[in-house]
Amino acid sequence: MSLAVETQPARTPSPGLGYAVAAGLVAAATALALWLEAAVRVPNLSLLFVLPVVLSAIRFGTGPALSAAGLGVLAYNFFLLEPRHTLRVTDSGDVLALVLLLLVAVAVSAVAAQARRRTQEAVEAADRAAAVRELARDLMAERSPEGLARRCADALARMFHTRACVLLVDGDELRGGASDGEALAPADLDAARWAAAAGLATRGGAYPVGESSFDFWPLKTPLRRQAVLGVALSRLDAGRPLQPERLVETVLGYLGVALDREAYAAQAMANQVAVAGEQLKSDLVAAVSHDLRTPLSTILFTLQSLQRFGGQHDDQARAELLAGAEAETSRLAGMVDNLLDMNRVESGALGDRREACDAADLVETALTRAAGVLRGRTVLNRVAPGVTLQVDPALFETALANVLANAAKYAPEGDIEIAAGRADDQGWVEVSDRGPGFGPDPDALFARFVRGEAGDGRAPGTGLGLALARAFLRAMGGDATARNREDGGAAVRLTAPAP
């Protein structure tokens, strides 16, 4: 990937303009001197010709300033010294005055030109320092490698006032072109490839890349990310700057750190995903080993008893054994279904088949599905027809059945109540019980493999019921929330869009 930026070089006046302005200033000084001589009778008008020298030196540099000094001496001699309108000097004092004027003008031009150069250097240094500061700030906010390259190219173009590019090395390939739509010249691309392969800087117009207009500097980070920075120094009107490597190496350092930072961030994210996956596996193994052992053992015991001692069991004992095995099989199937459903949630395989459903019908179906765990419990169904929810019926019924099973497990005494209603554009179904409640943080129980009681005395299950309920409801645009009832017990509310 390649990003290149082209900026206009700093505007410097053309030499011809500087000399023309210097001549004009001398002409203006001459006219002013002639007017003052006639109107005011100033004794020494030679100092007026120092002004064009100073102005030319400040604005245009040494050459136009020296030109203004020479023209000023000639104009002062031709128009103001006797004999006038000739270049002959008859008075030795006038000769000394002309020499002094020339010396003063030259000295002043040198001082003014030096001050101008230092001012320009200070301005350029300040601009480069600002570019470096802005680059450091921008790289902190940038994330993509292409964006990092763009920022560095902008900074280099601003520092050197010429074209700059940052090429990201992708295997053996360099792609991209200039920001103006023009591709980099083949010679420039060859020079960039040579610099990347050799690990050496190249100089435009010099061996071994004599046809390239760019100077290139290679970059290879500790994580082996590669890039090449290029600056078209051969295009600068003022010539190649002294020690451009100092600025380029600063940008190289920033870019290297930024490229590796993104690689480290990606690696850290991958490590977090791997750790989370291992934790999920550990949680799953713990859930399976602890909670699936009991139903499997019960089923195995029943089958062995019927096989070995079938003749010793009467009809009632045989029926009780089969009923227990059936209940444990049903519970085992429910656990496996929950694990499979959670896998569907994690993989994003839930479909979107929402339709308008009456809450009363959804509750009746969920009660039928949870009949096994609710056997022997009193369920007060207070849901009347008329509350409509926009849901996937199968997902909502599964979520509600899990909530009902959770209430039956953790609230062994008291009635289980089901209510429904509507608030604004949301409908809801709430299951409440008279059990011990959720503790100080009800929301924590919606995490995977989390159960309300610790230790071997906890209720059987995988700890996925509430987690699945919330995942299903959020997939349908709703949510599942829990709270502790003020008069004791717990309540779980399933909300969903209402058409």
Need one number: nm distance between label points at Ser305 and Phe78, each 7 Å from Cα along Cα→Cβ, rounded to one decimal. 13.1 nm
Within segment 405-443, which residues have the backbone N less than 13 Å from the label spot 7 Å out from Thr378 along Cα→beta-carbon, could you tell me? 413-417, 434
List the trypsin sites (Lys or Arg not before Pro) within segment 131-175 that DSSP assigns to loop and that have no more than 15 neighbouring Cβ atoms inside 10 Å. Arg143, Arg175
Packing-wise, with mean Cβ within 10 Å as the measure, how do 298-305, 262-269, 414-421 rank, highest first? 414-421, 298-305, 262-269
Förster-model FRET efficiency, 35 Å R0, Glu146 and Asp479, C-beta, rounded to 0.05: 0.35
Which distance in nm do the two modelled labels at Leu296 and Val106 give, with both placed 7 Å along the Cα-to-Cβ direction? 10.5 nm
Through the Karplus equation 6.51 cos²θ - 1.76 cosθ + 1.60, θ set to phi - 60°, convert the phi angles of segment 58-73 into ³J(HN,Hα) values in whole Hz; use x for Gly and Pro. 5, 8, 10, x, 5, x, x, 5, 5, 4, 5, 5, x, 5, x, 4
Subtracting the Cα-Cα distance of Ala130 and Glu37 from 0.36 nm times their residue separation yields 28.3 nm
³J(HN,Hα), Karplus 6.51/-1.76/1.60, whole Hz, each residue of segment 130-143, x for Gly, Pro: 5, 5, 5, 5, 5, 5, 4, 5, 5, 5, 5, 8, 7, 10
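Here, each number is a calculation from the coordinates, and none is a lab measurement. Everything quoted here is computed from the prediction, not taken from an experiment. A quick note on method: Cβ atoms are made from the backbone with ideal geometry, for glycine too, and the neighbour counts reach across all protein chains shown.
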